[in-house]
Structures are given as C-alpha cells and as structure tokens.
1. Is it the case, given these coordinates, that Arg100 is of a type outside the set (Val, Ile, Thr), surrounded by 12 or more Cβ atoms within 10 Å (Cβ to Cβ), outside the structural domain of Gln241 (by TED's automatic domain parsing) and part of a helix (DSSP H, G or I)?
2. Could you say whether any residue in region 116-124 is in contact with a helix residue (DSSP H, G or I) (Cβ under 7 Å, 6 or more places away or on another chain), surrounded by 13 or more Cβ atoms within 10 Å (Cβ to Cβ), assigned to a strand (DSSP E or B) and of a type in the set (Ser, Thr, Tyr)?
3. Scan (1) at pLDDT below 95; (2) farther than 20 Å from Ser119 by Cβ for the single condition Glu225 breaks and write down its number.
4. From Ala91, Ala79, which residue is hydrophobic (A, V, I, L, M, F, W, C), surrounded by fewer than 18 Cβ atoms within 10 Å (Cβ to Cβ) and without any contact (Cβ under 8 Å) to a residue 12 or more places away in the chain?
5. Which residues, counting only those in region 131-182, are among the aliphatic types (A, V, I, L, M) and part of a helix (DSSP H, G or I)?
6. Between a residue in region 58-76 that is over 15 Å from Cys30 (Cβ atoms) and not assigned by TED's automatic domain parsing to the domain that holds Ile44 and any residue that is basic (Lys, Arg) and modelled with pLDDT under 95, which pairs come within a Cβ distance under 6 Å, given they are 6 or more apart or on different chains?
7. Is at least one residue of region 157-165 under 15 Å from Cys232 (Cβ atoms), touching a Leu at 6+ places or on another chain (Cβ under 9 Å), assigned by TED's automatic domain parsing to the domain that holds Asp122 and surrounded by 13 or more Cβ atoms within 10 Å (Cβ to Cβ)?
8. So, in region 225-245, of the ones that are assigned to a loop (DSSP other than H, G, I, E, B) and under 17 Å from the mean Cα position of the chain (by Cα), which residue ends up surrounded by the fewest Cβ atoms within 10 Å (Cβ to Cβ)?
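The values are calculated or read from the model by the stated rules, or taken from the named source; none is laboratory data. Since the structure is predicted, the reported quantities are computational estimates derived from the model, not experimental observations. Counting neighbours? That spans all protein chains shown, and the Cβs are built from the backbone with ideal geometry, glycine included.
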Amino acid sequence: MPSQSADKSAAEQQEAPQSALARGIRILQCFSTEEYDLSAKDLIQRSGLPKPTAFRIIGTLRELGLLHYSERRNKYMLAPGVLKLTAPLLASMTIRSIARPLMQDFADYSEGQVSLAVSTSDYQMVYVETAQGRGNSVFRPEIGTTVSLTRTASGRAFLSLLPPDDFRTVVERIRAGNPERAEWIDAKMQETRQDLENLGYCRNQGELDRNTVGVAVPVRVLIDEQRFIFGCTVPAYRQSQNPKLLEDLGMRLATLVQNVQTALGAPRA
C-alpha cells in the first residue's frame, strides 16, 4: 500500500506543471503598454514570486522566446514570440475581418477613431481592432490595450450587459481600489442603460479625456461566446461645432453594428 508521503509526492508532481505555468503567466502579466520594460526587481515584486523561483521562470520564458533581456536598458521585455500566441486568436475572430472595411469607412466619415473591443473572462475588455480616419488626432491604442470600464463609453456599454451579480462583482473590485469611482459608476450606469434602451448607443462626454467625446454600441448577441463592443471617438471641439454630432455618430454606429451582426448570421437582438 503506498504511503501518504508517496501520495503527496505524486500529487506535487502532477501540480508542478500547472504551478509553473501559472507562475510564468504571472511574470508575463507584469508588463503593460505603459511599462513595457521592467527590471528583475520589478518582476519579482509584481509577481510576488520568491527570488529563486522568479529567476528560474524568467530563464524558461527566455528560452521559449517569450521574454527578452535588453543589455542596453538592463531590463526585461516581452519578446516577439508572444505575438505568435496572439495571431491565431485574432485570426479566429471572424468579426474583425467583416467589420474592418465598415470601421474604416466610418472612421473616415467621422474623422476619428473606430474601435472593436472584446470581453475577457475576468470582466475586462481589450481592443482587438481599430481604424483611424483621415486627419484623426485622437490617441491610438494598441491592439490588446485594456479598455477602461468606467471612463469610456465602450466600457460602460459592456457593463450594461452584465447580469446583476457579475456587475456587482466588478463594482466591488473597483470599490476596493477607488470607492469614489465605484459610487460614480453606479450612478453613471443608470444614464448609460437609459441611453442604450432609448437611443441604441451610449455616450462618452470626456470622462476619459476631456479632449475627446464618443459613442459606443454593444453587439447584443454573443459571438463565439464572447461579448464585443464597437466604439467611435472624435475630438471634443467638433461637438461644439455640431451639437448633434454624437447623435449622428451614435445612429450610424448602431447601423454598422447591425450590418456586422447580419453578415455574421447572428439573429437580431
């Protein structure tokens, strides 16, 4: 009969690969678009891993081509091998190829930026496609950049689709870091839901950046079990020139979303 120590050893061996994978992912998740190069000390502190473990995982990630060490900067950076992991994911999103020409036409019309974001399993959203209009002066996020859930129309459009329990989970997560922001989003979401119900789109009135305004429209049906949100952002000064600008952009964006859903064969919401 196997001893308890033998059973424990076998369990540890089965768990080890999973633990190593989780630790490696924790290292990779330390990077962001704002901080794309980090020192070993940064990685250890942010991952929360013991120093020997962190260095062992870092070495493995370098061997796999997922992490690069810059001698000039004396820091680590994500390596191009990470892009090989994202390419199949992006290619699987048929909605991107269908929406891309429509987004570009709309971006040229609006002279702004049109974006497509997808939800993640941890109640976040990331950009998976953007189109820039001629003469656009709006900030251009990289593919994979996280969308602010509270300060963008796209983020609030996503929150409006969450079941009540999931929405409360997100609000409590926000409250843990910023109680005032949690109270604000609770009130703001009432306006967002009313806009979506009455107008078909919700608005951004400079909450993220006072120099920009915009609209967002959610895809009301799940696509490959994922939530997608379309957004359009333009310079704020254009709204002062045309008070009905957001109404025009919102209605046009809603039509774009309906056309995309139809092309995908998705039923009307």
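1. So Arg100 fails the test.
2. yes
3. (2)
4. Ala91
5. Ala153, Ala157, Leu159, Leu161, Val170, Val171, Ile174, Ala176, Ala182
6. From residues that are over 15 Å from Cys30 (Cβ atoms) and not assigned by TED's automatic domain parsing to the domain that holds Ile44, there are no pairs.
7. yes
8. Glu225
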